[in-house]
Each structure stands twice: as C-alpha cells, then as structure tokens.
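These notes are about the structure you will find just below.
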Amino acid sequence: MNMKEGLKYAAIDLECATSDIGNICEIGLIIMEDGKEVFSFRSLVRPVVPAFGDWQRWNLTYSLKDALSAPSFPEVWSRVADEIKGIPLIAHNASQVECKHLGHAFSHHQMKEEANAPFYCTLELARKAWPEIEKHGIKSLARRFKWELDHHNPESDARVCSAVVELVAKEKKINSWEGLVAKNQWNRHAIPQFQNRLIVRAKHAAPKKRADYIHELVTWKPTAKFEAMCKGQSYVISGFDNAQKQKLRMMGSKAGLMHRRSVNARIDFLVADVKMGAAKYARCVEYEIPIVSMDEFLKQLEGMKD
C-alpha cells in the first residue's frame, strides 16, 4: 500500500511459555513507514518461569530447551528499543495481552523506563472499521482479506496487525497517525507498571498425565442431540491425557475439523472421556453443546470418509 508520509508505527506480538503473565518466550515485531515495511524482527526469549504449558507444547514450533537457550528479555528488547523509540505500538487485543505481558516483564527486569510507549489495539480498530464482520480475530481477518498468516509466528501475527491499520487508512484516505486515531476514535492504552515481580518457581515441565488432574473431572450426561459431524465444525476435547488429546486432535485436523481450547457458544460439539472437566461440562450445559464419547467421535470420522 502506498500511503502518504506521516504514518509510522510498530506492530508487535508476543508468545508466552506458560499462563504466567509476563513469562514471554518469543517476540515478533515489524515497523511500517509510508505504507512499507522498513524493519522486521523475531527472536526467542528465555522465559523467567522455566516451563512450557500444554498448549505451548502442542502449538509452538520449538521446544522448551530451545527457549531456555535464548537470550533474556532485556537482551532481546535492547535490539529493538532504539528502532521503536518515539513511535506508537500496535497489537491485537493490546490492552488485555501485550500491554500486561510487557508491563510485567518490564517490572520484573526493572526496566520501568521502557514502559512509556503509546499502545493501540487493532482488534478495537477492526471492530470500529468493519462492524458488519462477525469475527475480528487475527485468523478471521486474515481469512476474509486473504492476508498471508502463519498463526503463532509472532512476526506473521504482527504483520497482520499492520495490515489492519494499512487497510483502514487506505479505505478512509487517512495519511497521518493523528488522523487515524481521531477519525476512528481509537483509544490509547498504557503499559501498566506492577509492584510485584514474576515469581520464579520450579514447575513440572513434563506433559500432564490424566492422574494429575483426575480430581477436577466429573461424570457427564448428554446435553443436546448431536446430528452429524462435518468439515469446518469446531470442537473441544476434555478428560483425556495429553497423548490421547494429541491423537484425537490430529485425527480431527485431518478430517477438516477445527480444534479449540475453550468452550463457548460457537463450539459445535465436545469430545469427552468417561469423565470431563467440570467447567467445560457446565458450559456445555449452559450453551446446549452436544457431548460425544471418543467411540462416537471415531465413528463419525469414519462416516466423513464415505
């Protein structure tokens, strides 16, 4: 996109090693100026809490060992600090994700002077610009506008954030950051400062066994009638150990199903063992989401091949 002079900003995306806020394990960043990408950066970061969560093991392309061999957050940040000095930062769901993670990281590493960049949320901008679109997540926007995306590659995610800004600016014929903010009533977010530092504690880095969380599982009853499984449906898996989950997830992916981590009203069905997570079961009851056994899931997958 050929924008006029005056629209310069940095797009950033983070990946974290665990659910601990600020436990960053990867940074991706690009800088846009006059509609052109003038700088790009991606690096692993050594996490403060030396562990990987289950989601990270399943979805990230590198191992905990790789992350623990990476430079520290201050070392990595020093490589981009001068590049982004004095320009706004953008991220998708910035106030709830990137701002909080960076705030904790800056506080933990005593880098509070770095927590002064103005932050803007591209999720918020997309919702304001295209209210007719049902979903405004990175994947949904990339699919709709045919933007290339390697999801959870933070450099690629950051690039999609910049594509949101560039398209909105083009559609509304805006050529300055001030104009973009004013015309869209775009909120500025601050990176918060935290008194408490990240707690460094030993965490079990090996995959959980079913026995590790058996006390959290409940026996379930059918919640809603399940008609038929078809390509494109989204589903959740609950009650199985990690090895079983991974196997079922791979089978579903090959059949064109979309695995999700959490239960919401848009989920088509849930695959459960004899017992399943209590919170997930409660949501299935609330949203009337069908629950199927592993045997039924496998049977339905076979039927999809016919």
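The values are calculated or read from the model by the stated rules, or taken from the named source; none is laboratory data. Keep in mind the model is a prediction, meaning the values are calculated, not measured. All Cβ positions, glycine included, derive from the backbone under ideal geometry; neighbour counts span all protein chains shown.
Restricted to segment 157-191, and to residues there that are over 26 Å from Phe106 (Cβ atoms) and part of a loop (DSSP other than H, G, I, E, B), the residue that is modelled with the lowest pLDDT is Asn175. Residues in segment 63-77 that are free of Cβ contacts under 8 Å to residues at least 24 places away in the same chain and surrounded by 15 or more Cβ atoms within 10 Å (Cβ to Cβ): Leu68 alone.
Phe39 falls short on exactly one of the conditions (1) surrounded by fewer than 22 Cβ atoms within 10 Å (Cβ to Cβ); (2) at pLDDT below 95, and that condition is (2). The requirement of being buried (at least 19 other Cβ atoms within 10 Å of the Cβ), assigned to a helix (DSSP H, G or I) and under 14 Å from the mean Cα position of the chain (by Cα) is fulfilled somewhere in segment 52-61, by at least one residue. Would you mind stating whether Ile174 is within 21 Å of Glu37 (Cα to Cα), touching a Lys or Arg at 6+ places or on another chain (Cβ under 7 Å) and assigned by TED's automatic domain parsing to the domain that holds Leu44? It is true that Ile174 is within 21 Å of Glu37 (Cα to Cα), touching a Lys or Arg at 6+ places or on another chain (Cβ under 7 Å) and assigned by TED's automatic domain parsing to the domain that holds Leu44.
Would you pick out the residues in segment 204-233 that are within 30 Å of Lys65 (Cβ to Cβ) and either of a type outside the set (Gly, Ala, Ser) or at pLDDT 90 or above (or both)? Hits for segment 204-233 are His204, Pro207, Lys208, Lys209, Arg210, Asp212, Tyr213, Ile214, Glu216.
Listed by position, the helices (runs of 4 or more DSSP H) contained in segment 237-306 that have at least 1 residues being under 26 Å from the mean Cα position of the chain (by Cα) are 242-254, 278-287. Screening Ile291 with (1) farther than 21 Å from Arg57 by Cα; (2) modelled with pLDDT under 90 gives one miss only, at (2). Filtering segment 42-51 to residues that are buried (at least 22 other Cβ atoms within 10 Å of the Cβ) and touching a Lys or Arg at 6+ places or on another chain (Cβ under 9 Å) leaves only Val48.
Among Gly28, Gly6, Gly22, which is assigned to a loop (DSSP other than H, G, I, E, B), buried (at least 20 other Cβ atoms within 10 Å of the Cβ) and small (Gly, Ala, Ser)? Before you say what the answer is, go through the steps one by one.
Values: Gly28 fails: assigned to a loop (DSSP other than H, G, I, E, B); Gly6 fails: buried (at least 20 other Cβ atoms within 10 Å of the Cβ).
Criteria check complete, one pass: Gly22.
Just one residue in the set Val274, Val236 is closer than 16 Å to Asp54 by Cβ, modelled with pLDDT of 90 or more and not aromatic (Phe, Trp, Tyr); that residue is Val236.
Total residues in segment 81-101 satisfying the condition of being within 15 Å of the chain's Cα centre (by Cα) and assigned to a helix (DSSP H, G or I): the figure is 4.
Residue-wise test of (1) at pLDDT 95 or above; (2) within 22 Å of Cys16 (Cα to Cα); (3) not β-branched (Val, Ile, Thr).
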| site | (1), (2), (3) |
| --- | --- |
| Ala115 | no, yes, yes |
| Leu125 | yes, no, yes |
| Ala129 | yes, no, yes |
| Lys135 | no, no, yes |
| Pro154 | yes, yes, yes |
